[in-house]
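A short write-up of the structure that comes next.
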Amino acid sequence: MKKIIAVLASIAMVSSLFSGCAGGSQPASTASGAASGAASSSASAPVSINYYGGWTGGDLDKMSALVQKFNESQSEVQVTFTSLQWSQMFTKFLADYQAGSTPDVVAMHTFELGQFVDMGVLNADAIKGLNLNAADYIKTAWDGTILNDVQYGIPLDVNMHALYYNKDLFKAAGIASAPTNKEELIAAAQKLTVDANGKNATESGFDAANIKQYGFGFLQNHHAFYQTFALMNQQGYNPFTDNMTTLSLDSGKTSAALQFLEDLVYKYKVTPAGEKSPIDDFKAGSVAMVIDGNWQLSGVNSAAKFDWDTAAYPQIFSQKAVWGAAELLAIPNNKDADKVKAAQTFIKWLSDNSAEWALSGQIPANVKAQQAATKIKGIDAYNSELDYVKFLPAHKKSVKIFSSAAPSPILTAAQNAMLNGKDPAEITKQLESDINKVLAG
C-alpha cells in the first residue's frame, strides 16, 4: 500500500509516455459497452466486470465497439469500459485498487508494466491460467508481457514509427522512391525543401529564412528521444534494461544519434525548428515527409487530398532498428474468483477478435487476428519493421525516466537538441545524470 500511495503522489504529476499518441486529444470519457437485456438473456445474472483503458482518440470508438460486440456475443459476462488519458487512468486504477474496488481488466504499455509488478497489484496466476501459446503472438509483443520470467498480461498490439511521404511532391521533385538510408534521406529532404522563390535547399540562392515547404518533419518532444533511442539501437547499442540500477551512456554513440537529428534542423535546414504537429503539416502538404506512428494512419487516410504512402524507418547507421511499443491487457489482484474468470474470458476474446482493432491503425499482436485484419492503407511499412522493433524497458521507474512531462530526463534531452541545438556530448552527459538521479530515488 505504501508503494501505491507513493506512486499515486507522483503519477499525478507525470503524463504518460504515450500522451497524445492515440491520434486525438479528446477529453476524458467513459464508454459503456453493455448490451441491453444482457442479464435477462440468461437464467442467472451475468458477471459484471470493469475494464480501464487509456484510449481517447479515434481508437476509443474502435475499442468501445469491440466491448459492445463482446457483450452482445454472450450472456455470461458484461463489461463496462472506462477510458481516460493514460496518466489519469492509472491514477484512478491505483486509487480504486487501494479502496478495494479495483477494475477487473486494465490496459497498459509494456514499459509501464514494471511499476505495477513492483507494487504487486497484478495477477500473474490469472494470465498463466489462460494457457497461452507464444507462437500465437508477435514475438516482440509477447516478450513485452514477461518480466523476470513471469507473464503478467496478454499482448494486444504493437505500435512503431515509420516514414510518411507525399508521392505527389516526390514526383514533382523527380524523386523516384522513399529514402531508405542517411544519404537518400538527406538528399530527398533537401530537394523537397523549397523557399518562397521556388529554390530548393540544394540550389544556389536558397533562402533558408523564407521556407514555404519543408522536406522532413518529426515531433520534437519526447518522440525526438524515441528517434534517438532507435538511432542508438541502429549502432548496436541499447543501455536501457529492466533491472538497471545505474546508467553509463556511450557518449560517442548517443551523441551521434542526437547529432543526426540536430543536423536536419540546424545544418541542412530541411526540418522546421520547434515543429509541433508534423502530421498536420503533412496533411496540409507543407511538409513532404514525416516520421510518426501507425496510430496516425486512420487520420491521414481520411484527411490527405494527395497521393501518399508509408515506408520503413530509414536505416541511418549500420543496423535496422526502430522505436516501438506494445499494449497489453492485465488482470489486477481480486479475491472474487468469478470476476477473475470473467476477466480471463473477456481478454482472451478481445485478443482473438482484435482484427477489428486494426481499423484504428494498430497492429494486432494476435497472429491470426493480424492475418485476418482488413489492411488499412500504409500499414505494410509498419508490418515490415516487426522483426527489428525496439521497446523501452519495463523498469519499475520507467514511467518517470521516460515520461513525456517536464522535467523528465528524455524531454529535457529532446528540447536541448531540437530547440536549443546544444552540443550532443553535453546533452548525453546531462541525460545520464538525470536518469541516474531518478534511479537513485
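What to note about this one:
- Subset of region 335-381 (residues that are of a type in the set (Ser, Thr, Tyr) and without any contact (Cβ under 8 Å) to a residue 60 or more places away in the chain): THR374
- Which listed residue is of a type outside the set (Phe, Trp, Tyr) and open to solvent by 40 Å² or more (accessible area, probe 1.4 Å), from GLY217, GLY205: GLY205
- Total residues in region 330-365, condition touching an Asp or Glu at 6+ places or on another chain (Cβ under 6 Å) and polar (S, T, N, Q): 2
- Of residues in region 265-275 being part of a loop (DSSP other than H, G, I, E, B) and in contact (Cβ under 8 Å) with a residue 24 or more places away in the chain, the one most open to solvent (accessible area, probe 1.4 Å): LYS269
- Of the residues making up region 244-257, those that are open to solvent by 10 Å² or more (accessible area, probe 1.4 Å), touching a residue at least 24 places away in the same chain (Cβ under 8 Å) and outside any loop (DSSP other than H, G, I, E, B) are SER251, SER255, ALA256.
Results for (1) open to solvent by less than 50 Å² (accessible area, probe 1.4 Å); (2) assigned by TED's automatic domain parsing to the domain that holds ALA405; (3) at pLDDT below 95; (4) assigned to a loop (DSSP other than H, G, I, E, B), shown as yes or no for each residue.
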site	(1), (2), (3), (4)
HIS223	yes, yes, no, no
PRO239	yes, yes, no, yes
ASP242	no, yes, no, yes
GLN259	no, yes, no, no
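- Matching residues in region 87-105 - criterion: being within 17 Å of the chain's Cα centre (by Cα) and open to solvent by less than 10 Å² (accessible area, probe 1.4 Å): MET89, PHE90
- Against the list (1) touching a helix residue (DSSP H, G or I) at 6+ places or on another chain (Cβ under 8 Å); (2) open to solvent by less than 60 Å² (accessible area, probe 1.4 Å); (3) farther than 16 Å from VAL389 by Cα; (4) without any contact (Cβ under 8 Å) to a residue 60 or more places away in the chain, the condition GLY198 fails is (1).
- Counting only helices (runs of 4 or more DSSP H) wholly contained in region 327-441, the ones carrying 3 or more residues that are in contact with a helix residue (DSSP H, G or I) (Cβ under 6 Å, 6 or more places away or on another chain) and closer than 30 Å to GLY236 by Cβ occupy 398-401, 409-418, 424-439.
- Within region 296-316, the residues that satisfy the criterion of being farther than 14 Å from THR180 by Cβ and either open to solvent by 20 Å² or more (accessible area, probe 1.4 Å) or part of a loop (DSSP other than H, G, I, E, B) (or both) are GLN296, SER298, GLY299, ASN301, SER302, ALA303, ALA304, LYS305, PHE306, ASP307.
- Unique residue being under 21 Å from the mean Cα position of the chain (by Cα) and either open to solvent by 10 Å² or more (accessible area, probe 1.4 Å) or at pLDDT below 95 (or both) when the list is SER360, SER354: SER360
- Hits in region 396-417 - residues which are open to solvent by less than 10 Å² (accessible area, probe 1.4 Å) and not small (Gly, Ala, Ser): ILE401, PHE402, PRO409, ILE410
- Within region 146-164, tally of residues that are buried (at least 21 other Cβ atoms within 10 Å of the Cβ) and touching a Ser or Thr at 6+ places or on another chain (Cβ under 8 Å): 10
- VAL340 being modelled with pLDDT of 95 or more and surrounded by 24 or more Cβ atoms within 10 Å (Cβ to Cβ): no
- Pairs with Cβ under 6 Å, 6+ apart, first in region 395-409 and over 17 Å from GLN227 (Cβ atoms), second part of a loop (DSSP other than H, G, I, E, B) and of a type in the set (D, E, K, R): HIS395/ASP242
- Test: residue in region 206-218 that is at positive phi and either in a loop (DSSP other than H, G, I, E, B) or in contact (Cβ under 8 Å) with a residue 12 or more places away in the chain (or both): no
- Hits in region 165-178 - residues which are among the aliphatic types (A, V, I, L, M) and either more than 26 Å from ALA373 (Cβ to Cβ) or surrounded by fewer than 19 Cβ atoms within 10 Å (Cβ to Cβ) (or both): LEU169, ALA172, ALA173, ILE175, ALA176
The values are calculated or read from the model by the stated rules, or taken from the named source; none is laboratory data. Bear in mind the structure is a predicted one, so any value in this text is a computation, not a measurement. Glycine gets a Cβ as well: all are built from the backbone with ideal geometry, and neighbour counts include every protein chain shown. Surface areas here come from the heavy atoms of the whole protein model, side chains and all, with no ligands, DNA or RNA. Shrake-Rupley method; radii C 1.70, N 1.55, O 1.52, S 1.80 Å.
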